[in-house]
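Below is one structure; the comments refer to it alone.
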Amino acid sequence: MTLAVETETPLRLEGKYKAMAVCWVLGIGSLISWNSMLTIGDYYNNLFKKYHPTRALTLVYQPFALGTMAILAYNESKIDTRKRNITGYIIFFASTLALLLLDLATSGEGGLGPFLGVCVFVALFGVADAHVQGGIVGDLSFMYPEFMQSFFAGLAASGALTSGLRLLTKAAFEKSHDGLRKGVSTFLFSSIDKIWFFLFVFFAVLFLAICTSFEFVCILLYAFFFPKLPIVKYFRSKAASEGSKTVSADLAAAGIQTKAAQAEDEAKQYERLSNKQLFIQNFDYALDLFLIYVLTLSIFPGFLYENTGQHRLGEWYSLVLIASYNVWDLIARYIPLVKCVKLESRKGLMITILCRFLLVPAFYFTAKYGDQGWMIFLTSFLGLTNGYLTVCVMTVAPKGYKGPEQNALGNILVLFLLGGLFAGVALDWLWLIGKKDGF
């Protein structure tokens, strides 16, 4: 099959909703491993308490994600998107499995050695995230905006899913001896009756299989199913006709062979804006994403685990806060599907994002003087605004560009998103100033 592309999107192109479903699953696979680490933060806080794991592991993750993403974004036009994304999901799968094996091998004991081992696999999560998130976002930037929305909804769904599983394991093993660890790594136990044993096995298979199998499913979906959907083939063929070289392998997997244009008059369509030009034209969008995640990661998850005081919910308190954030973050990512409430104004987005920084003093005074109900409300609002604004920016920014430019812009936006995450994680340590049990 040779490359032939219409100038307009066919009205009856098949596979749109299947593609949206696949994008959602790919989004889950992109963050479920890392979100599992965040969700079981109470376990690591008890295991490696003096190392502040909820903050330290995030600080390990982000430099590797940001550094890898910077390299990939700079060379995005030369990188095979298919190999990039599949490599990322393979790293996610292997690292998640290795993290489980490490916990089993050390019998859930703390100490510097096991902590450094956890850090190594968390760093690999960062490398995988840069491969997958930048690659997928770049790929989806020249397709329907709904595909991008579905992918980012999947990212949030991974957090909501792991939070739900963590609450279940917490409830199931709270009254058993060493229940905290059993709710996380449930193959090791001492004396336990048969009922607890079967619960043990059930939650072990449920929690760990979801984290690892999703990565394997993502490899299969992206490699064999997604490229063959008619709607996906159309958009990738269109991008190739506009000069994109990153889609060649995916088109080949779908049975489409691309041919370079030979006529001189066709060479013009291969000209594209440079990354620098794209950045200058979209500086406000890049800054939007940076500021969104600077604020979010300066509060979530470290502050919610270590700086919210003691309340009636006890050990459940931090888990409820994390779950509240994840659920509302997920819900908010569907709101922009309603056009009348989708914020597309560049000035409107910037003003809203800047006003969001009022949450910093709000969290501070609520943690110091407020009740747990107000903290849950603020955390939910943090997730709501994070999800809504992220989808608004990511679906609006690529409009009006050719395929190769949209792919490059998608990578640039993810780079600034990860930059915001890294800056937020670093600023999160400021909450420890004045704490007696700090470093």
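The values are calculated or read from the model by the stated rules, or taken from the named source; none is laboratory data. A quick note: this is a predicted structure, and the numbers were derived from the prediction, not measured. FYI the Cβ positions are ideal-geometry reconstructions off the backbone, even for glycines, and counts take in every protein chain you see. We work out accessible area using only protein heavy atoms, side chains counted, and drop any ligands, DNA or RNA first. Shrake-Rupley method; radii C 1.70, N 1.55, O 1.52, S 1.80 Å.
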If you go through the range 111-127 one residue at a time, do you hit one that is under 16 Å from residue 415 (Cβ atoms), surrounded by 21 or more Cβ atoms within 10 Å (Cβ to Cβ) and in contact with a Cys (Cβ under 9 Å, 6 or more places away or on another chain)? no
Give the range 45-68 a look and list any residue that's surrounded by 23 or more Cβ atoms within 10 Å (Cβ to Cβ), within 16 Å of the chain's Cα centre (by Cα) and more than 14 Å from residue 133 (Cβ to Cβ), or say none. 57, 58
Looking at (1) in contact (Cβ under 8 Å) with a residue 40 or more places away in the chain; (2) closer than 30 Å to residue 226 by Cβ; (3) out of contact with any Leu (no Cβ under 8 Å at 6 or more places or on another chain), find the lone condition where residue 75 falls short. (1)
Among (1) open to solvent by 60 Å² or more (accessible area, probe 1.4 Å); (2) modelled with pLDDT under 90; (3) closer than 30 Å to residue 428 by Cβ, residue 205 falls short only on (3)
If we keep only residues of the range 1-30 that are small (Gly, Ala, Ser) and modelled with pLDDT of 90 or more, then the residue surrounded by the most Cβ atoms within 10 Å (Cβ to Cβ) is 30
Consider residue 434 carefully, then state whether it is on the phi > 0 side of the Ramachandran plot and either modelled with pLDDT under 85 or in contact with a strand residue (DSSP E or B) (Cβ under 6 Å, 6 or more places away or on another chain) (or both). yes
So is residue 401 within 20 Å of residue 280 (Cα to Cα), modelled with pLDDT under 95 and not charged (D, E, K, R) or not? yes
Residue, most open to solvent (accessible area, probe 1.4 Å), within the range 218-247, restricted to residues that are over 26 Å from the mean Cα position of the chain (by Cα) and small (Gly, Ala, Ser): 241
Is there a residue in the range 257-272 that is at pLDDT below 95, more than 30 Å from residue 393 (Cα to Cα), in contact with a helix residue (DSSP H, G or I) (Cβ under 8 Å, 6 or more places away or on another chain) and not polar (S, T, N, Q)? yes
Okay, helices (runs of 4 or more DSSP H) sitting entirely in the range 326-434 with 3 or more residues that are open to solvent by less than 10 Å² (accessible area, probe 1.4 Å) and not hydroxyl-bearing (Ser, Thr, Tyr), I get 372-396, 403-428
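Rundown of residues vs (1) under 30 Å from residue 167 (Cα atoms); (2) at pLDDT 85 or above, yes/no style:
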| site | (1), (2) |
| --- | --- |
| 45 | yes, no |
| 49 | yes, no |
| 55 | yes, no |
| 69 | no, yes |
| 79 | no, yes |
| 90 | yes, yes |
